[in-house]
1. Whole-Hz Karplus ³J(HN,Hα) for segment 5-13, in order, using 6.51 cos²θ - 1.76 cosθ + 1.60 and θ = phi - 60°, x for Gly and Pro?
2. Output ³J(HN,Hα) for segment 39-47: one whole-Hz value per residue in order, computed from phi by the Karplus curve 6.51 cos²θ - 1.76 cosθ + 1.60 with θ = phi - 60°, and x for Gly and Pro.
3. Which option, (1) 67, 14, 10; (2) 34, 20, 16; (3) 38, 29, 11, is the value of Cα extents along the principal axes in Å that was calculated from these coordinates?
4. Figure the gain on full extension for residue 13 and residue 27 (residue separation times 0.36 nm, minus the Cα-Cα span) and round it to one decimal in nm.
Amino acid sequence: MPNLGEMTPQHALYIPVVLMLGLIVGYILGSRAVRAELERRKRRMKQ
């Protein structure tokens, strides 16, 4: 049975990698949403 108090090197690398991937995916999805909203507002202003 593994010692639950011991943090392995794999765990120490896995957590920051997952956090960075989450930040990158969130940034990409957020920037797409902002661009789409700006485009919608621009089209509304032209009408």
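1. Working through the residues one at a time gives x, 8, 9, 7, x, 4, 5, 5, 8 Hz.
2. 5, 4, 5, 5, 5, 5, 5, 6, 6
3. (1)
4. Gain on stretching residue 13 to residue 27: 2.9 nm.
Values quoted throughout were computed directly from the atomic coordinates according to the rules given, and no laboratory measurement underlies them. Since the structure is predicted, the reported quantities are computational estimates derived from the model, not experimental observations.
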